[in-house]
Amino acid sequence: MSSTVNLVKLWQEMQSQACSCHDPLIQDVFATNIGDHADFSSALASLLGTKLADRSISATAITRLVASILQDVPAIAEAAAEDILAIRDRDPACPDLVTPFLFFKGWQALQAHRVSHHLWQRNRRHLAYHFQSRVNELFSIDIHPAARLGRRLSIDHGTGIVIGETCIIEDDVSLFQDVTLGGTGKLSGNRHPIVRRGAMIGSGAKVLGRLVIGENARIGAASVVLEDIPANATAVGNPARIIGTPKATSFPTTTNPAHPVA
């Protein structure tokens, strides 16, 4: 899938934003994570290495692993950059590009998942599970390495997010805290939701089973969804019911817009 993001320009803007901070207590954070790196991919590898390290696998080893993956699959870094831009555009609490990179655990968990998913696809599944476990321990966000995620995703706040093994999330989706995209107890096969492009799922919502949340659909906070929700509809309640009249929303045309990046 082609990307419209310019990583060089984005990184220059992030470095400029980091240099504009004059708080002496935070300048070292900016320097270590942004100023000391030549490009976005290098900084991302270092950030994930630092976050995911534990007594079993060092930060250096993880950084090297992630750097090699980003070199082999540039689409992962491109997707990470598109996620940052999406958060800046959608989240009124996000003032710039460096804030989600350094401080938003939803964005960081997404990028760790992209690496874990790559490992899963290459049959390094125990390592993928290890990184999934670390993200859960660090951020209280549990994304199965096999889940297929698109681009320009936003996980706001993030605490309590659960995304199951056979879940598919297309591009431009927004999730809020405590959302579960889970199963209903079926033991095998495709048992988790498909979330189509542009959908928004509100905080505390539970979407269970192999159902489809349609393009641009909205799921209200604390709703429980057990059936398909059509495109452009708004669903609320337990069990969720459709309210109002669906209104179509258009997105810019992209190449293969719903294809996960890895």
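Values computed for the structure shown
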quantity: Residue match in the stretch 95-111 (condition: of a type in the set (Gly, Ala, Ser) and either surrounded by 21 or more Cβ atoms within 10 Å (Cβ to Cβ) or within 10 Å of the chain's Cα centre (by Cα) (or both)); calculated: yes
quantity: Single condition ILE87 does not satisfy, out of (1) free of Cβ contacts under 8 Å to residues at least 40 places away in the same chain; (2) under 20 Å from MET14 (Cα atoms); (3) of a type outside the set (Asp, Glu); calculated: (1)
quantity: Unmet criterion (only one of (1) surrounded by fewer than 24 Cβ atoms within 10 Å (Cβ to Cβ); (2) in contact (Cβ under 8 Å) with a residue 24 or more places away in the chain) for CYS167; calculated: (1)
quantity: Hits in the stretch 1-41 - residues which are surrounded by 15 or more Cβ atoms within 10 Å (Cβ to Cβ) and within 19 Å of the chain's Cα centre (by Cα); calculated: MET1, SER3, VAL5, LEU7, LEU10, PHE40, SER41
quantity: The listed residue being crowded, with 22+ Cβ neighbours inside 10 Å, over 30 Å from GLN27 (Cα atoms) and under 15 Å from the mean Cα position of the chain (by Cα), out of LEU175, LEU153; calculated: LEU175
quantity: All positions within the stretch 42-52 that are crowded, with 16+ Cβ neighbours inside 10 Å and farther than 12 Å from GLU137 by Cβ; calculated: SER42, ALA43, LEU44, ALA45, SER46, LEU47, LEU48, GLY49
quantity: Hits in the stretch 189-208 - residues which are surrounded by fewer than 19 Cβ atoms within 10 Å (Cβ to Cβ) and closer than 12 Å to ILE168 by Cα; calculated: ASN190, ARG191
quantity: Search result, residues across the stretch 147-180 that are assigned to a loop (DSSP other than H, G, I, E, B), of a type in the set (Val, Ile, Thr) and more than 25 Å from LEU97 (Cβ to Cβ); calculated: THR166
quantity: Test for ASP72: is it under 28 Å from GLU13 (Cα atoms) and in contact (Cβ under 8 Å) with a residue 12 or more places away in the chain; calculated: no
quantity: Selection from the stretch 225-248 of residues that are at pLDDT 95 or above and among the hydrophobic types (A, V, I, L, M, F, W, C); calculated: VAL225, LEU226, ILE229, ALA231, ALA233, ALA235, VAL236, ALA240, ILE242
quantity: Any hit, the stretch 64-78, residues being of a type outside the set (S, T, N, Q) and either more than 23 Å from the chain's Cα centre (by Cα) or more than 14 Å from HIS118 (Cβ to Cβ) (or both); calculated: yes
quantity: Count of the stretch 137-160 residues which are within 19 Å of ASP172 (Cβ to Cβ), in contact with an Asp or Glu (Cβ under 6 Å, 6 or more places away or on another chain) and of a type in the set (A, V, I, L, M, F, W, C); calculated: 1
quantity: Subset tally (residues that are outside any strand (DSSP E or B) and of a type outside the set (Ser, Thr, Tyr)) for the stretch 214-244; calculated: 19
quantity: Output for the stretch 116-146, where each listed residue is under 15 Å from the mean Cα position of the chain (by Cα) and outside any helix (DSSP H, G or I); calculated: SER140, ILE141, ASP142, ILE143, HIS144, PRO145, ALA146
quantity: Enumeration of residues in the stretch 1-44 that are assigned to a loop (DSSP other than H, G, I, E, B) and of a type in the set (Gly, Ala, Ser); calculated: SER2, SER3, SER20, ALA38
quantity: Output for the stretch 61-75, where each listed residue is surrounded by fewer than 22 Cβ atoms within 10 Å (Cβ to Cβ), aliphatic (A, V, I, L, M) and closer than 19 Å to ARG151 by Cβ; calculated: ILE69, VAL73, ALA75
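Rundown of residues vs (1) without any contact (Cβ under 8 Å) to a residue 40 or more places away in the chain; (2) closer than 30 Å to TYR129 by Cβ, yes/no style:
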site: LYS9; (1), (2): yes, no
site: ILE26; (1), (2): yes, no
site: GLY35; (1), (2): yes, no
site: ALA38; (1), (2): yes, no
site: LEU48; (1), (2): no, yes
site: ARG55; (1), (2): yes, yes
site: GLU78; (1), (2): no, yes
site: GLU82; (1), (2): no, yes
site: PRO92; (1), (2): yes, no
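The values are calculated or read from the model by the stated rules, or taken from the named source; none is laboratory data. In this text, all values refer to a predicted model and were calculated from it rather than measured experimentally. FYI the Cβ positions are ideal-geometry reconstructions off the backbone, even for glycines, and counts take in every protein chain you see.
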